[in-house]
2 protein chains.
Amino acid sequence: MSVAVKRAEKTIAVSEIFGPTIQGEGALIGKPTVFVRTGGCDYRCQRCDTLYAVLPEYKGDWKPMSATEIFAEIQRLSKQTPILVTLSGGNPAMQPLEALIDLGHEAGYTFTIETQGSIAQPWFAKLDYLTLSPKAPGMGNPWPTNWERLDRCLQYARQGEKQPAICLKIVIFDEVDYAYAKELAARYPEVPLYLQVGNHTPPHVSNTIDTAGLLERLDWLIQRVTEDRWYTVTVLPQLHVLLWGNKRGV
Amino acid sequence: MSVAVKRAEKTIAVSEIFGPTIQGEGALIGKPTVFVRTGGCDYRCQRCDTLYAVLPEYKGDWKPMSATEIFAEIQRLSKQTPILVTLSGGNPAMQPLEALIDLGHEAGYTFTIETQGSIAQPWFAKLDYLTLSPKAPGMGNPWPTNWERLDRCLQYARQGEKQPAICLKIVIFDEVDYAYAKELAARYPEVPLYLQVGNHTPPHVSNTIDTAGLLERLDWLIQRVTEDRWYTVTVLPQLHVLLWGNKRGV
Ligand code: SF4
Ligand code: SF4
């Protein structure tokens, strides 16, 4: 049995695979993509908007799938046409995703991952894009950022030939989060930083979205950044929240 | 008198200079920027959202300014801190903007222009970013696209050392516009293309914005693109319209 086949047989915990839709946030905003959401997370953020891919009580909903099975589903959804695949979670860095990336690349697909930066994987170097989104205090994650681990994520991503496009993304609710983002920018001045207005009404808090409130805080964040003469940052909302609220699978 | 000073003395028709705010659309969405809106346009689009920078009856509101004067105002607004400057209109390609770009570059500022591609200027090669947004039929521009002129815009932009990042942007209202965008993609397969949902309630039609209608059409456009397996395109709304409606100077 070849090494490739062995790798493909490791199973990945999958919460959902859906799309194509557009990426609603960050550096790839507006790009058509298929999402692979893995199950399981080493964090417990109070404002998490995907608790169904985090908490153990949902484990029964997660399907153990091989890379081959996942890629077959991606191909079916994308009608065999290469597309950007977004690896999300939960924390997708907990899963053995290298074989999936290899399989997809062979067929012309590209890969981006979104992870909080608490677990570094050597296969980050194979990605086309890497978004690290460490959690500011406002997300309600009980653990402070482990900077060594975040450093290691960057190191691993940069150690190959490919050099994925790396960016940092911080969800902002208030001034405390803003100060955290500034600290991050000072630590990693060479990495493009995206600020995102947080959703204060995630699914487990409310069925509906406070669109006016979201836009108001986006307005605040834009003013905050420009008053500060912080012109190297990018400020974005979550398009999918504005478009589809808390609906899943879109 | 040096050549540089002579150039700086040509006057530019300015409708407004404002910011910093964020770029609300296209490839630079979310980036802090100062806008310089020039007065005058060779087109007459029925759905134009900046008629005050197009129609001759507003000429009295446009201020003739030198590059030095404009750059002084940009520096004041940005508090002497380098920022992205967005040259917009009207059609900014009608104006002698080379000296302004030179002045700004010396101080670390970067420049992007947004023009419909009907007038090519040699100084396009000096820009950091160039957005060409030829008008699809839905904009209600009475003249068909002059492809030769659009080609020339690309040629001029590519002839220097700098190689600005070039993209195409099409405002989409309906199926006819969508077909136009597809034609454009076929003509320029190497240029990143952005599709933008058109504002069907521009200032001269309505004081308020039909946000629900805009989001509905964004949803339609995303479905249209993904059903078509058109995965190389980017689909975006106009953030500033969602945020601030038809308000000027934000
Ligand atoms: S890190 Fe992300 S997925 Fe995990 S609990 Fe926090 S918000 Fe949810
Ligand atoms: S080209 Fe642009 S500025 Fe000129 S009339 Fe058309 S929409 Fe307005």
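In whole percents, the pair-distance distribution calculated for region B:75-170 from its alpha-carbon pairs, binned every 5 Å from zero, is 3, 13, 23, 25, 16, 10, 6, 3, 1.
Burial of accessible area (probe 1.4 Å, heavy atoms of protein chains only) in region A:25-57, relative to its chain alone, reaches at least 30 Å² for A:Ile29, A:Gly30, A:Lys31, A:Pro32. Across the accessible surface of chain A, with the other protein chains kept in place and a 1.4 Å probe, carbon and sulfur atoms take up 51 percent. Within chain B, antiparallel bridges make up roughly 30 percent of the DSSP beta bridges whose residues both belong there. Only lysine pairs 8 or more places apart or on separate chains count here, and in chain A those with Cα atoms under 15 Å apart total 5. Remark: spin-label model distance B:Asn207-B:Gln155 equals 4.9 nm, labels positioned 7 Å along the Cα→Cβ axis.
Scaling the Cα radius of gyration of the protein assembly as shown by the globular reference 2.2 N^0.38 Å produces a ratio of 1.00. For chain A, the 222 nm mean residue ellipticity estimated from helices alone, with every DSSP H stretch of n ≥ 4 adding -39500 (n - 2.57) and the total spread over all residues, rounds to -9000 deg cm²/dmol.
Taking every pair of distinct Cα atoms and averaging 1/r, then inverting, what Kirkwood hydrodynamic radius in Å comes out for region A:20-125?
14.4
Taking the inverse of the mean 1/r over every pair of distinct Cα atoms in region B:3-244 gives a Kirkwood hydrodynamic radius of 18.4 Å.
Take every DSSP beta bridge whose two residues both sit in the protein assembly as shown; close to 30 percent of them are antiparallel. If R0 equals 41 Å, the separation of the Cβ atoms of A:Val176 and A:Gln80 corresponds to a calculated FRET efficiency of about 0.30. Between A:Val191 and A:Gln46, the FRET efficiency estimated from the beta carbon spacing at R0 = 25 angstrom works out to 0.40.
Per-residue surface analysis assigns A:Arg187 an accessible area of about 110 Å², computed on protein heavy atoms at 1.4 Å probe radius. Considering only B:Thr226, B:Thr21, B:Thr38, the Gaussian network model of chain B with Cα springs below 10 Å gives its largest mean-square fluctuation to B:Thr226.
Averaged per residue, what accessible surface does the protein assembly as shown expose to a 1.4 Å probe, in Å²?
On a per-residue basis, the protein assembly as shown sits at 42 Å².
In the context of the full protein assembly, A:His200 retains an accessible surface of approximately 50 Å², using a probe radius of 1.4 Å and ignoring ligands and nucleic acids.
The values are calculated or read from the model by the stated rules, or taken from the named source; none is laboratory data. Since we're looking at a predicted model, the values are computed, not measured. Note that we place each Cβ from the backbone using ideal geometry, even for glycine, and neighbour counts take in every protein chain shown. What goes into the accessible areas is simple: the full protein's heavy atoms, side chains included, and nothing from ligands, DNA or RNA. Shrake-Rupley method; radii C 1.70, N 1.55, O 1.52, S 1.80 Å.
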